[in-house]
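One structure below.
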Amino acid sequence: MASSSSSTLLLLSPLPLSDLSYKPLRPPFPLFLLPHCHESHRRRRRLLTSAKNRRGGGDSAEPPDRLISAVCYLYPFLDGVHFGRFLLAQFPPIQLIIFPFAPAIRLFSASPLNPFLIFLTLYFAVVRNPSSFSRYVRYNTMQAIVLDVLLIFPDLIERFFAPREGVGLDIVMSIDSTVFLFLLVSMIYGSTTCLLGQVPRLPIVADAADRQNADGNEKLACLFLECVLGIPDTA
């Protein structure tokens, strides 16, 4: 009986204050990963919140914003479709994927000035125009522009190192095919994600697009340093 009563008293006795103090749970992964994860999550929330505030509610971007953002990802693909000539020659079935874009490719290639004119239009009419376009549209447009800027490097390789046979030609073919596949996957991923109202984040270019589009004070002269070389604009 004595043991039973003592057990009852222990159960009914109040817990010490030290046991009731708040103890934060420790994550099962290194703490140095938290800032990057939180920053990426905050960027996505800012973009979707901006689109939601623009339409006065809802959980994702407006349908017009989705469509405009999805179309923007055609620009780097059309500008770099020529990198796929080796891959398309080796694997003709891939041409079935490109066939629906044939009219746009012909129109884009009709004049050598078209890529530059589209670049200026997207940059100044969309990215630098926060009063007419939401942050969601401007971010995706900037991401497409940065992706197109990166095509400078494979273009330089083709122009200055143009082997006609041997190992050099194999290297150029591999680089061109890799660039083409990356552009194709980026276009499909970016356009599909935008049509679903989500925020696509392409590898390599997403952080540069975030920095350029963060404050709405983008500068064309700093685009190459900021987006390609990763040097922040201190002006």
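Within 30 Å of Thr192 (Cβ to Cβ), surrounded by 20 or more Cβ atoms within 10 Å (Cβ to Cβ) and in contact (Cβ under 8 Å) with a residue 12 or more places away in the chain - does that describe any residue in region 158-178?
Our first condition is that a residue be within 30 Å of Thr192 (Cβ to Cβ); within region 158-178, this holds for 158, 173-178.
Filter again for surrounded by 20 or more Cβ atoms within 10 Å (Cβ to Cβ), leaving 176.
Subsequent filtering for residues that are in contact (Cβ under 8 Å) with a residue 12 or more places away in the chain retains 176.
Looking for residues that are within 30 Å of Thr192 (Cβ to Cβ), surrounded by 20 or more Cβ atoms within 10 Å (Cβ to Cβ) and in contact (Cβ under 8 Å) with a residue 12 or more places away in the chain, one finds at least one in region 158-178, hence yes.
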Checklist entry - From the set of residues in region 63-98 that are among the hydrophobic types (A, V, I, L, M, F, W, C) and under 15 Å from Leu147 (Cβ atoms), which is most open to solvent (accessible area, probe 1.4 Å)? => result Val71
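Going through region 156-207 one residue at a time, which ones are basic (Lys, Arg) and part of a helix (DSSP H, G or I)? Quick ask: steps written out before the conclusion?
Within region 156-207, the subset basic (Lys, Arg) is 159, 164, 201.
Listed by number, the list holds a single entry, Arg159.
Of everything in region 119-128, what is out of contact with any Phe, Trp or Tyr (no Cβ under 9 Å at 6 or more places or on another chain) and assigned to a helix (DSSP H, G or I)? Give them in sequence order. Spell out the reasoning first.
Here is the first cut: in region 119-128, the ones out of contact with any Phe, Trp or Tyr (no Cβ under 9 Å at 6 or more places or on another chain) are 120-121, 123-124, 128.
Scanning region 119-128 gives Leu120, Thr121, Tyr123, Phe124.
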Checklist entry - Does region 172-181 contain at least one residue that is in contact with a Cys (Cβ under 6 Å, 6 or more places away or on another chain), among the aliphatic types (A, V, I, L, M) and closer than 19 Å to Leu202 by Cβ? => result no
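Of the residues Leu169, Leu184, which is farther than 17 Å from Leu78 by Cβ and more than 12 Å from the chain's Cα centre (by Cα)? Talk me through it step by step, then tell me what you get.
Details: Leu184 fails: farther than 17 Å from Leu78 by Cβ.
So the residue among Leu169, Leu184 that is farther than 17 Å from Leu78 by Cβ and more than 12 Å from the chain's Cα centre (by Cα) is Leu169.
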Checklist entry - Take the residues of region 158-174 that are of a type in the set (A, V, I, L, M, F, W, C) and out of contact with any helix residue (DSSP H, G or I) (no Cβ under 6 Å at 6 or more places or on another chain): which is farthest from Phe83 (Cα to Cα)? => result Val167
Checklist entry - Out of all the residues in region 208-222, which are at pLDDT below 55 and either assigned to a helix (DSSP H, G or I) or crowded, with 20+ Cβ neighbours inside 10 Å (or both)? => result Glu218, Leu220, Ala221, Cys222
Item to check | Among (1) without any contact (Cβ under 8 Å) to a residue 60 or more places away in the chain; (2) surrounded by 17 or more Cβ atoms within 10 Å (Cβ to Cβ); (3) closer than 13 Å to Cys72 by Cα - the single one Asn140 does not satisfy | outcome: (1)
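The values are calculated or read from the model by the stated rules, or taken from the named source; none is laboratory data. For clarity, every value in this text was computed on a predicted model and none was experimentally measured. Neighbour counts run over all protein chains shown; Cβ positions are idealised from the backbone, glycine included. Each accessible area value is taken on the protein alone, full model and side chains, heavy atoms only, with ligands, DNA and RNA left out. Shrake-Rupley method; radii C 1.70, N 1.55, O 1.52, S 1.80 Å.
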